[in-house]
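Visitor: The structure under discussion is supplied below as structure tokens; questions concerning it will follow.
The values are calculated or read from the model by the stated rules, or taken from the named source; none is laboratory data. Owing to the predicted nature of the structure, the values given are computational and were not obtained by experimental measurement. Note that we place each Cβ from the backbone using ideal geometry, even for glycine, and neighbour counts take in every protein chain shown.
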Amino acid sequence: MKTEHNLIRSITYPAAATALLLLIPFIAMQFTAEVAWTLSDFIIAGILLFGTGLTYTFITGKSKNFAYRIAIGFALFSGLLLIWVNTAVGLIGS
């Protein structure tokens, strides 16, 4: 029972954070035409954000070392940012 509760919690936090982050462009689309995301934009962003959050949760789940958690977070955020920028703007390659 304890393991099931931890699994649900470890999936719920990244899912909630993803939903909250995706609300930003969704709300912005209601007020300005400059933000024009399609359904596929939301799906790709959701997969990237949720995948990164879930990966962080599972990798650092049993670690109590704060420096390790920061390093893993920095590495995952850097990877996420690289993919996001390349997908959105196409800085690398064309």
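Visitor: Could you count how many residues in the range 26-40 are among the acidic types (Asp, Glu) and in contact (Cβ under 8 Å) with a residue 12 or more places away in the chain?
Guide: Residues that pass the stated criteria total 0.
Visitor: Return the residues of the range 41-66 that are touching a residue at least 12 places away in the same chain (Cβ under 8 Å), farther than 16 Å from Ser78 by Cα and of a type in the set (Phe, Trp, Tyr); say none if nothing qualifies.
Guide: Answer for the range 41-66, where residues must be touching a residue at least 12 places away in the same chain (Cβ under 8 Å), farther than 16 Å from Ser78 by Cα and of a type in the set (Phe, Trp, Tyr): Phe42, Phe58.
Visitor: Please determine, by comparing only the residues of the range 38-94 that are closer than 15 Å to Pro14 by Cα and outside any helix (DSSP H, G or I), which one is modelled with the highest pLDDT.
Guide: It comes out as Thr60.
Visitor: While we're looking at this one, here's another question. Go through (1) among the small types (Gly, Ala, Ser); (2) part of a helix (DSSP H, G or I); (3) out of contact with any helix residue (DSSP H, G or I) (no Cβ under 8 Å at 6 or more places or on another chain) and name the single condition Ala33 misses.
Guide: For Ala33, the exception is condition (2).
Visitor: Can I ask one more? Only residues that are over 17 Å from the mean Cα position of the chain (by Cα) and of a type in the set (Val, Ile, Thr): list them for the range 26-62, please.
Guide: Ile27, Thr32, Val35, Thr38
Visitor: Next question. Just a yes or no: is a residue in the range 57-67 more than 24 Å from Leu7 (Cβ to Cβ), aliphatic (A, V, I, L, M) and out of contact with any strand residue (DSSP E or B) (no Cβ under 9 Å at 6 or more places or on another chain)?
Guide: yes
Visitor: Which one of these is among the aromatic types (Phe, Trp, Tyr) and in contact with a helix residue (DSSP H, G or I) (Cβ under 9 Å, 6 or more places away or on another chain): Phe26, Phe66? Can you show your working first?
Guide: On the way: Phe66 fails: in contact with a helix residue (DSSP H, G or I) (Cβ under 9 Å, 6 or more places away or on another chain).
After ruling out the rest, the residue left standing is Phe26.
Visitor: Residue by residue through the range 69-88, note down the ones that are touching a residue at least 24 places away in the same chain (Cβ under 8 Å), farther than 11 Å from Tyr56 by Cβ and of a type in the set (A, V, I, L, M).
Guide: Ile83
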